[in-house]
Structure formats: C-alpha cells, structure tokens
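Have a look at the structure below, then the notes.
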Amino acid sequence: MFNGFALQKSIDLIEDIERNELESPLGSVDEIVAPFLDDFPDYVKRRAKQMARYYEIFYLLEDKLRSIIIDTMYDEYKDDWWDLHVPDDVKSYVKNLQNKEGDLGVSLRSKRDIDFTTFGHLVDIIRSNKDVVGVRFTSVNALQRILAVLNNVRGPIAHNTVLAPDEVARLYVAIRDLFRLIRRTYTPA
C-alpha cells in the first residue's frame, strides 16, 4: 500500500541530513572533535563508545514507536490525525516545548510534532486511539509498563552516566518484551 506520508517523512529526513552536511561551516563532527580527543582518558572514551550503543537502541525504539503511530494514524485519519486525534495535553506540551526551543533561537529538533513527545506521551496517544493504534500491540497496559521500565533505564543514557550491568540486562529484557507486543501481522480495517 502506498503511504504518501511515509514517503514525505523519508524525503524530509534526507533533506535534513543533506542540510546538516552541506550547510555546516564548521565541518563534520569528526573534524571538530578529533583535535580534542587526546584530552580525554582512554577509559572515558571506551565508556562513551559503550554508551553510544545504548543511545542508538533508544533512538531506534522511539523511532519505531513513532513510526507505528504515524503510519497507523495517517492510514486512518490522513493529514489531520495530529490535530484531531492526539490528546490536548500532549499537543499543549509539544507546543510549549517548540515555543521554548524557538525562543532559544536554535533550530527546532524536527518538523514533526510527534518528535517532541516522550514515551509517556506516546502511550497517551496509543491509549486514546486504542481502536486504531492500540490494535497494533497485544496489550496497551503491558506497553505502558515496558515503556516505564525503558524510561527509567533511559535516565543514565540521557544524562551521560554509565549504565549499570543490571540495567543493561533490564534494557535487553524490555526490548524483547516490547517486540513481543508489536503485532507483526496487521491489516487496517
């Protein structure tokens, strides 16, 4: 099935990547950081590489959940899905965060409103659209529990501390639990 919204999302992503690469007067990240890497102890660099993997996992998980929501809601409601079918408190949070970032004079993190949401907001969107998006998961209650666990594990990653071995194990179990919840076979109504 052709999904114009998904295609536009891919085009926007490519344009963002190209803009970041082509318009940066500072050069690439490697060019900027490389001269300073010797200032850091080797053990800190090893930890950073280890933690980068966990950041990548969270990036992928959040993107997966957002994509499920976007694709499903767009298929059902088309372009106005965000305006008409997202809880008002989520939209208000997003608008306030966008305004705050705009007032800082920095580039907004994304053109998509959903990219300003938290795990909790994603659950709120799914729960409030349980007949549309909720059916993509075997249990919305279990999803909420798993995302609460992931949100707790996310703290050390977001705040640049080392993830304890127990938390690494908890992360891997939560990932398996999450993918068990996602329905692989889904046919829109």
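The table for this structure:
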item: Nearest-20 debye value, the range 108-189 charge dipole, Cβ charges on Lys, Arg, Asp, Glu; result: 260 debye
item: For the range 31-189, size of Cβ-based charge dipole, Lys and Arg +1, Asp and Glu -1, in debye; result: 640 debye
item: Charge sum, other residues only, whose C-beta stays under 12 Å from residue 84's C-beta, Lys/Arg counted +1 and Asp/Glu -1; result: -3
item: Among 94, 128, 160 - extreme Cα towards positive end, dipole of the range 52-189, charges at beta-carbon; result: 160
item: Burial order of peptide ranges 163-175, 93-105, 135-147, 34-46 (average beta-carbon count within 10 Å, highest first); result: 135-147, 163-175, 93-105, 34-46
item: Sequence ranges 59-71, 77-89, ranked by mean other-Cβ count within 10 angstrom, highest first; result: 59-71, 77-89
item: Amide proton proximity set for residue 137, modelled H, under 5 Å, gap of 5+; result: 183
item: Charge context of residue 155, other residues only, Cβ under 15 angstrom, K/R +1, D/E -1; result: -1
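Each value in this text was obtained by applying a stated rule to the coordinates, not by laboratory testing. What you see is a predicted model; the values in this text were computed from it and never measured. Because the Cβ atoms are built from the backbone with ideal geometry, glycine has one as well, and the counts that use them run over all protein chains shown.
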